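The values are calculated or read from the model by the stated rules, or taken from the named source; none is laboratory data. Keep in mind the model is a prediction, meaning the values are calculated, not measured. Here the Cβ positions follow ideal geometry from the backbone for every residue, glycine too, while neighbour counts run over all protein chains shown. Side chains included, ligands, DNA and RNA excluded: accessible areas come from the protein's heavy atoms. Shrake-Rupley method; radii C 1.70, N 1.55, O 1.52, S 1.80 Å.
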Amino acid sequence: MILDLAALADEHLAAAHSAPHGRSAHLMMHDGVLRQTVIALTSGTSLDEHNAPPAASLQVLRGRVKLTAAGWAEELPAGTLRMIPKERHGLTALDDAVVILTAVND
């Protein structure tokens, strides 16, 4: 399967702007324990603190986001890839943003 990430980013950012909660997400790939999801957030929209999967990374396609966990926060601009800490964490869009969440679940 080949996906056009720019087209997916455009589509889900438009959907996030139309959604009352300011976000849109779509599971792009699912193969056994591997899941990849595109998530679009309008500026100021957050994903509340939640538990981390056993292994995960966050790739920022557009905009800037702030990844937070107990006692720290890190700003991630477009073009960055970061492992997600194995603890409760949250995500806030500092600008309109699109990310890819790659997660491995047991």
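Here are the numbers:
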| read-out | value |
| --- | --- |
| The range 1-51 - charge dipole about Cα centre, Lys and Arg +1 at Cβ, Asp and Glu -1, debye rounded to 20 | 60 debye |
| With every protein chain in place, the chain: carbon and sulfur % of accessible area (1.4 Å) | 54 percent |
| Pairwise FRET efficiency - A73 versus D95, Cβ, R0 = 22 Å, nearest 0.05 | 0.90 |
| Rule-of-thumb Rg ratio for the chain [Cα; 2.2 N^0.38 Å; N residues] | 1.00 |
| Sequence-separation-based contact order of the chain, relative, with Cα cut under 8 Å and 6+ spacing, percent | 32 percent |
| List D10, D96, D48, D106, ordered by accessible area with a 1.4 Å probe, largest first | D106, D48, D10, D96 |
| Test item: Cα-centred dipole of the chain, Lys/Arg +1 and Asp/Glu -1 on Cβ, debye | 140 debye |
| Per residue, in Å², the accessible surface of the chain once ligands and nucleic acids are set aside, probe 1.4 Å | 54 Å² |
